[in-house]
Amino acid sequence: MNTVAAAGVVPVEYAVAVDRYLAEADLQPGSRRVYRISLASWAWPLVGQLPPAGRSRRKASPPVVPLALLDDESAGPRLADAVAHRMDQAGVRTVNRELSALRSATGWWRSREWIAADPTALLRQIADRPAALRPLTAAQLAALFRAPAGLREQALWHLLLDAGAAAEAVLALDASALDLARRKARTASAGQPTIEWSAPTAELLSWLLAGRRAGPVFLTDRRAPAGTPAADLCPLTGKGRLSYRRAAEIFTEHTRPLDPDGRGWMLHQLRGRPAG
């Protein structure tokens, strides 16, 4: 197929549609590179996943996404959730720039009738950092702790609720820092030198550690890849430290059936007292 003929073919994949848009967009080389990174990052939420955090986001391979997913009714809510998650990692200007890239691309695709819906209709330019979602209610917490989740998840969720600490600080805990008898732990955060928890949470943590005295408290399901820093490895199992991205993804997956809106809840909603 020659280039002229290919240009008239409606792309099936999101990534191909991105390439076609960038090939014709009036952008400087530097802006084109930024747009490509921004547009690639929206591929993860379109399939219900969280993109990698930090610098790894730029080097990660996005999932294969059918362009038709942008016409699905779930696209808008998923993108809105991704914006809320992104605001925990980046500044307002960065998020607005990424939103602008997505709006420009989807508008271009709609003008060519590659997609019919506007998945960005629910998204608004952010004037300032939005308020965090309200803490979960007592009823929501009761439903959460009845959910068929594993021991690791139940221990993490109970600890987050008891400690009122950021998930990053809790996930950074090592077994050597825990004093199970006194129900407290040292953290590396200057703003919160120790965290404490209740007796039921202490029991969950005791079962989770099962005698482990070194390595991360919360581990991945599989052995860590080669090159993982020693500080993030369990010397007994070879498993790595559970990342915030994966912990947040698991929490949203488990709570989606409990959420009337079907979006799922966010980890930071476990901080603070239950909402009334």
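Put simply, the amide H of Thr137, placed in the peptide plane, has neighbours under 5 Å in Ala275, leaving out anything fewer than 5 places away on its chain. Here the Karplus relation 6.51 cos²θ - 1.76 cosθ + 1.60, evaluated at θ = phi - 60°, turns the backbone of the stretch 243-256 into coupling constants of 7, 4, 4, 5, 4, 5, 5, 5, 4, 5, 4, 6, 9, 4 Hz, with x for every Gly and Pro. Shown for the chain is the translational diffusion coefficient from the Stokes-Einstein equation, using the Kirkwood radius over Cα pairs, a temperature of 20 °C and a viscosity of 1.002 mPa s: 103 µm²/s.
Which length gain, in nm to one decimal place, applies between Ser198 and Arg213 when the Cα-Cα distance is subtracted from 0.36 nm times their residue separation? Mind dumping the intermediate values first?
Working: separation 15, 0.36 × 15 = 5.40 nm, distance 2.01 nm.
Extra length available between Ser198 and Arg213 comes to 3.4 nm.
Relative to the longest principal axis of the Cα atoms of the chain, the long axis of helix 92-111 makes an angle of roughly 40 degrees.
Seen against the Cα atoms of the chain and their longest principal axis, helix 151-163 is set at about 80 degrees.
Using only Cα atoms, find the angle between the long axis of helix 14-24 and the longest principal axis of the chain, and express it within 0 to 90 degrees, rounded to the nearest 10. The angle comes out near 50 degrees. Ordering Lys184, Lys239 from the fewest to the most neighbouring beta carbons within 10 Å gives Lys184, Lys239. In order along the stretch 220-227, the Karplus-derived 3J(HN,Hα) couplings, from 6.51 cos²θ - 1.76 cosθ + 1.60 at θ = phi - 60°, round to 6, 6, 10, 4, 6, x, 4, x Hz, and Gly and Pro are given as x. Counting every alpha-carbon pair across the stretch 138-270, the share separated by more than 18 Å comes to 53%. Entry note, the chain: the mean residue ellipticity at 222 nm calculated from DSSP H runs of n ≥ 4, each adding -39500 (n - 2.57), is -12500 deg cm²/dmol after division by the residues and rounding to the nearest 500.
Any idea what diffusion coefficient the stretch 217-276 gets from Stokes-Einstein, in µm²/s, Kirkwood Rh on alpha carbon pairs, 37 °C, 0.692 mPa s? It would help to have the intermediate numbers written out before the result.
Numbers: Rh = 13.4 Å.
This corresponds to a translational diffusion coefficient of 245 µm²/s.
Identify which of Thr201, Thr137, Thr255 has the largest mean-square fluctuation in a Gaussian network model of the chain, with springs joining Cα atoms closer than 10 Å. Of Thr201, Thr137, Thr255, the Gaussian network model singles out Thr137 as fluctuating most. Only Lys, Arg, Asp and Glu carry charge here, each on its Cβ (+1 for the first two, -1 for the last two); on that basis the chain has a dipole of about 840 debye about its Cα centre.
Just so you know, all these numbers are worked out from the coordinates, no wet-lab data involved. Predicted model only: the values in this text are computed from it and were never measured. Neighbour counts are summed over all protein chains in view; Cβ atoms, including those assigned to glycine, are modelled from backbone coordinates with ideal geometry.
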